[in-house]
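Novice: Please see the structure below; I have some questions.
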């Protein structure tokens, strides 16, 4: 054996002895938690009948992701699951109800910051809220309502009584306002609105009708009261 080979063998033997004795010759980089929130978070809206799917982009050093849900988007956040991949399906939801989701990346050293809240729902959009109709305009009735996340368009219906079948379509609009110019003077009208969403590859999903709202052309008739 020449001197070079003998030196190499001796070095390897020494390295093995030092390693076995607990000497750390090559320093290891300590694991640290992910330092950023997941981006590209998306939540399905009416794509699934009884579940909501959450997706996101990968985060460096992540070993798994934690998913949180809220009924308001501001408080009452609860962890609903975790995933080692880039998606999570939440089957513990009610149909046509809004849910907000946040995601954070984690590893054995800890977790990073949470993503911003993103809203979604199962089966169909929820019915529009806070529907109101004007009573002060002499030539028309204006109907307004709060927007529904993900709605493609809205349909407005009219009836003469609040508990009717609402057979008369007033308009279809992508806005959150509608104008009824066919209403007669001295009559009360009641309006309901529903939200519809065009779901790619699945057709259209529409909400139930909203609560009714009274409107009339000014001057309005007196409100009827039960004796």
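The values are calculated or read from the model by the stated rules, or taken from the named source; none is laboratory data. Remember, it's a predicted structure, so these values are computed and weren't measured experimentally. Ideal geometry is used to build each Cβ from the backbone, glycine not excepted, and the neighbour counts take in all protein chains shown.
Novice: Scanning for something free of Cβ contacts under 8 Å to residues at least 40 places away in the same chain, farther than 28 Å from residue 197 by Cα and in contact with a strand residue (DSSP E or B) (Cβ under 6 Å, 6 or more places away or on another chain), does the stretch 84-91 turn up at least one residue?
Specialist: Checking the stretch 84-91: at least one residue is free of Cβ contacts under 8 Å to residues at least 40 places away in the same chain, farther than 28 Å from residue 197 by Cα and in contact with a strand residue (DSSP E or B) (Cβ under 6 Å, 6 or more places away or on another chain).
Novice: OK, next. Does residue 172 qualify as being loosely packed, with under 15 Cβ neighbours inside 10 Å and not in a loop (DSSP other than H, G, I, E, B)?
Specialist: Details: loosely packed, with under 15 Cβ neighbours inside 10 Å: yes; not in a loop (DSSP other than H, G, I, E, B): yes.
For residue 172, the condition - loosely packed, with under 15 Cβ neighbours inside 10 Å and not in a loop (DSSP other than H, G, I, E, B) - is met.
Novice: Working carefully through the options 124, 197, 217, find the one that is touching a residue at least 60 places away in the same chain (Cβ under 8 Å) and part of a strand (DSSP E or B).
Specialist: Values: 124 fails: part of a strand (DSSP E or B); 217 fails: part of a strand (DSSP E or B).
Going through 124, 197, 217 in turn, the sole match is 197.
Novice: For the stretch 92-116, give me the residue count where each residue is touching a strand residue (DSSP E or B) at 6+ places or on another chain (Cβ under 9 Å), surrounded by fewer than 21 Cβ atoms within 10 Å (Cβ to Cβ) and either in the same structural domain as residue 147 (by TED's automatic domain parsing) or over 20 Å from residue 195 (Cβ atoms) (or both).
Specialist: Residues meeting the conditions: 7.
Novice: Do we have residue 48 as at pLDDT below 95, surrounded by 10 or more Cβ atoms within 10 Å (Cβ to Cβ), assigned to a loop (DSSP other than H, G, I, E, B) and touching a strand residue (DSSP E or B) at 6+ places or on another chain (Cβ under 9 Å) here? Talk me through it step by step, then tell me what you get.
Specialist: Details: at pLDDT below 95: no; surrounded by 10 or more Cβ atoms within 10 Å (Cβ to Cβ): yes; assigned to a loop (DSSP other than H, G, I, E, B): yes; touching a strand residue (DSSP E or B) at 6+ places or on another chain (Cβ under 9 Å): yes.
For residue 48, the condition - at pLDDT below 95, surrounded by 10 or more Cβ atoms within 10 Å (Cβ to Cβ), assigned to a loop (DSSP other than H, G, I, E, B) and touching a strand residue (DSSP E or B) at 6+ places or on another chain (Cβ under 9 Å) - is not met.
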